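Input: a single structure, listed below in structure tokens.
The values are calculated or read from the model by the stated rules, or taken from the named source; none is laboratory data. Source: prediction; values computed, not measured. Cβ sites come from the backbone with ideal geometry, for glycine too, and all protein chains shown count toward neighbours.
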Amino acid sequence: MFADATSLEGKFLVAMPGMGDSRFEKSVIYLCAHSGEGSMGFIINRPLETPGTLDFLEQLNIIAENERDGVPENVVAAGLHTGGPVEQGRGFVLHSPDYQAEGTLKVDGKVCLTATLEVLRELAIGKGPEKFLMALGYSGWSAGQLEEELAANGWLIAECDSDIIFSADAGAKYARAMQSMGINPGLLSQETGHA
């Protein structure tokens with residue numbers, strides 16, 4: 001039985017140096033679900049080069065080519081992130097709780113998850129959540145898999161800071177998550193050992 005007290009839902013997973021999986025090197029993952037059945041989260045510090053936000057919205061028929069100029073600058077500037085290696089063609093929006101719609105999952109008091117086209121439509125017209133991170137794909141673990149990776153020192157667990165999630169400076173998120181735990185990333189060893 002998986003006790004709620006051991007759930008990591010709403011926390012950060014911060015990759016240890018030398019974890020051995022290039023897909024997650026120096027990543028910070030916000031966990032939206034963690035139970036005895038498995039876990040799901042989103043890498044929050046890996047922006048995608050392509051597609052651009054406008055191209056993505058156009059591909060989904062949310063905007064037409066002649067409506068590109070009407071998309072708010074903050075939405076365009078936010079760009080898309082890779083949420084992880086699972087279902088990379090599917091879009092998700094982590095966002096502030098000021099936006100609620102059918103299908104919105106309230107993860108904690110500061111972060112919600114919506115995976116509908118409606119939230120993207122709202123963002124495209126200047127409505128929707130004040131703070132958001134748009135991701136393609138997610139990071140997922142089957143039952144017990146994340147616990148094995150934690151036991152192998154692949155991840156550190158940190159308290160969530162929604163300012164880190166929604167920060168425009170993706171390159172600083174890893175260091176900020178480490179610093180929130182009082183850790184200087186430069187002092188961590190790439191090797192794990194046993195006493």
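A few points about this structure:
- Taken together, the residues in the stretch 41-62 that are touching a residue at least 60 places away in the same chain (Cβ under 8 Å), farther than 16 Å from ILE165 by Cα and either assigned to a strand (DSSP E or B) or among the β-branched types (Val, Ile, Thr) (or both) amount to 2.
- Filter result for ALA143 (among the small types (Gly, Ala, Ser), touching a strand residue (DSSP E or B) at 6+ places or on another chain (Cβ under 9 Å) and under 19 Å from PRO51 (Cα atoms)): no
- Residue under evaluation ALA151, criteria (1) closer than 21 Å to THR6 by Cβ; (2) without any contact (Cβ under 8 Å) to a residue 60 or more places away in the chain; (3) crowded, with 20+ Cβ neighbours inside 10 Å; (4) of a type in the set (A, V, I, L, M), criterion not met: (3)
- Any hit, the stretch 121-138, residues being touching a Pro at 6+ places or on another chain (Cβ under 9 Å), more than 21 Å from SER39 (Cβ to Cβ) and aromatic (Phe, Trp, Tyr): no
- Yes/no for PRO51 being closer than 17 Å to ALA135 by Cβ, touching a helix residue (DSSP H, G or I) at 6+ places or on another chain (Cβ under 6 Å) and not aromatic (Phe, Trp, Tyr): no
- Any strands (runs of 3 or more DSSP E) falling wholly within the stretch 104-193 and containing at least 2 residues that are under 17 Å from SER27 (Cα atoms): 132-142, 155-159
- Among residues of the stretch 140-195, those that are β-branched (Val, Ile, Thr) and modelled with pLDDT of 90 or more, counted: 3
- When ILE63 is tested against (1) modelled with pLDDT of 95 or more; (2) under 20 Å from THR114 (Cβ atoms), exactly one condition is not met: (1).
- Scope the stretch 20-30; condition in contact (Cβ under 8 Å) with a residue 60 or more places away in the chain and not small (Gly, Ala, Ser); matching residues: ASP21, ARG23, PHE24, LYS26, VAL28, ILE29, TYR30
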